[in-house]
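Written out below as structure tokens is the structure these notes cover.
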Amino acid sequence: MIIELIKSFIFGLVEGITEWLPISSTGHMILLDQFVKLDVSKSFYSMFEVVIQLGAIMAVVVIYWKRIWPFHHSQAVGIDAPKGIWRYVDKDIMIMWLKIFISCLPAGIIGVAFNDTFERLFYNPVSVAIALIVFGVAFIWIETAHKGKKAKVNSIAEISYNMAVMIGFFQLIAAVFPGTSRSGATIVGALLLGVSRTVAAEYTFFLAIPVMFGAALFKLLKFGLAFTSMEFWIMMVGLITAFVSSIIVIKFLMRYIKKHDFKVFGWYRIALGLLVLLYFLVLK
């Protein structure tokens with residue numbers, strides 16, 4: 001059991017690090033499973049690799065709580081003070097959640113409807129490698145093309161509903177092709193639309209909350225709640241590790257992109273993709 005808990009810790013660490021960096025957590029989890037096999041049933045592992053994302057998403061909730069929780073009593077007074085229901089509900093935050101809901105629709109409808117088909121067709125090392133390389137090139141190209149240009153959108157409030165729809169379709173790409181990276185796809189889409197790096201990253205974090213909670217709940221209900229003792233502790237170790245590592249990574253990323261671009265992640269994706277192709281098509 002100790003060995004399995006160590007493996008769970010490794011999975012949680014990889015999840016926490018790769019979920020927020022635009023390098024594909026799903027891709028890394030598929031690759032990790034090739035080398036570090038948990039001694040669990042196939043159905044439990046299929047649920048585990050999704051549900052431990054709850055640890056990662058709780059890190060976003062903790063760090064950004066004041067930015068995402070819309071219910072509180074306004075203390076403002078005077079002519080500009082909110083009236084009626086808006087004294088207890090932050091209108092700007094509710095509008096942000098409406099935009100996030102709109103961005104979730106493409107992946108929520110198409111991704112859920114064809115989830116099993118996408119897993120059967122694309123959840124393999126070669127598909128992951130190709131997606132890693134393609135979006136690695138995309139990051140380098142976009143950052144090169146936008147070098148020296150000022151962002152047109154510098155706050156989440158400036159993201160229009162049309163932009164929210166378009167970002168949602170970029171997220172759908174990640175739902176179809178593992179290795180694309182959900183955060184990577186949405187950040188690429190946002191950058192193409194003229195959104196600043198910081199706002200693109202934050203919108204991606206907030207967008208992950210309903211998407212990942214929904215995906216985790218879907219997998220959990222599909223598996224059921226009848227865990228063995230070992231399965232329960234494997235799950236808890238993975239969740240806690242993902243939570244702690246995510247807090248560290250999110251804070252690092254937000255500091256990093258204030259002074260740097262995303263090119264380094266593009267080069268990392270290309271290098272990793274080529275190594276995966278070399279291993280699975282040539283060496284294995």
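Quick look at the numbers
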{"quantity": "Accessible-area order (highest first, 1.4 angstrom probe) of the listed residues Phe44, Phe135", "calculated": "Phe135, Phe44"}
{"quantity": "For q = 0.16, 0.17, 0.20 Å⁻¹, Debye-computed log10 I/I(0) when each Cα of the range 55-198 counts as one equal scatterer", "calculated": "-1.00, -1.08, -1.28"}
{"quantity": "Three-way shape call for the range 1-126 based on the alpha-carbon gyration tensor, with the a/c threshold at 1.5", "calculated": "prolate"}
{"quantity": "Dipole magnitude (debye, nearest 20) for the range 171-284, charges at Cβ of Lys, Arg, Asp, Glu", "calculated": "280 debye"}
{"quantity": "Residue-count net charge about Leu54 - beta-carbon cut-off 13 Å; Lys, Arg +1, Asp, Glu -1", "calculated": "-2"}
{"quantity": "Label point at Ser43 placed 7 Å out along Cα→Cβ; residues across the range 196-222 whose backbone nitrogen lies under 15 Å", "calculated": "219-222"}
{"quantity": "Accessible area in square angstrom per residue, the range 3-124, 1.4 angstrom probe", "calculated": "53 Å²"}
{"quantity": "Cα-Cα over 22 Å, subset of Lys66/Lys259; Lys149/Lys258; Lys150/Lys259; Lys37/Lys284; Lys66/Lys219; Lys91/Lys258", "calculated": "Lys66/Lys259; Lys66/Lys219; Lys91/Lys258"}
{"quantity": "The range 92-125 versus the range 210-284: alpha-carbon centroid distance in Å", "calculated": "17 Å"}
{"quantity": "Estimated 222 nm signal from helices in the chain, with DSSP H stretches of n ≥ 4 weighted -39500 (n - 2.57), rounded to 500", "calculated": "-22500 deg cm²/dmol"}
{"quantity": "Cα-centred dipole magnitude for the chain, charges only on beta-carbon of K, R (+1) and D, E (-1), debye, nearest 20", "calculated": "760 debye"}
{"quantity": "Surface per residue (accessible, 1.4 Å probe) for the range 144-284, Å²", "calculated": "50 Å²"}
{"quantity": "Accessible surface of the range 1-115 [probe 1.4 Å, protein heavy atoms]: carbon and sulfur percent", "calculated": "71 percent"}
{"quantity": "Selected from Val276, Ala138, Gly148, residue furthest toward positive end of dipole (the chain; charges at beta carbon)", "calculated": "Gly148"}
{"quantity": "Among Phe71, Leu54, Ile10 the positive-end extreme of the charge dipole of the chain (Cβ point charges)", "calculated": "Phe71"}
{"quantity": "Cα-centred dipole magnitude for the range 113-199, charges only on beta-carbon of K, R (+1) and D, E (-1), debye, nearest 20", "calculated": "360 debye"}
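The values are calculated or read from the model by the stated rules, or taken from the named source; none is laboratory data. Computed from a predicted structure; not experimentally measured. For neighbour counting, all protein chains shown are included, and Cβ atoms are generated from backbone atoms with ideal geometry for every residue, glycine included. Surface areas here come from the heavy atoms of the whole protein model, side chains and all, with no ligands, DNA or RNA. Shrake-Rupley method; radii C 1.70, N 1.55, O 1.52, S 1.80 Å.
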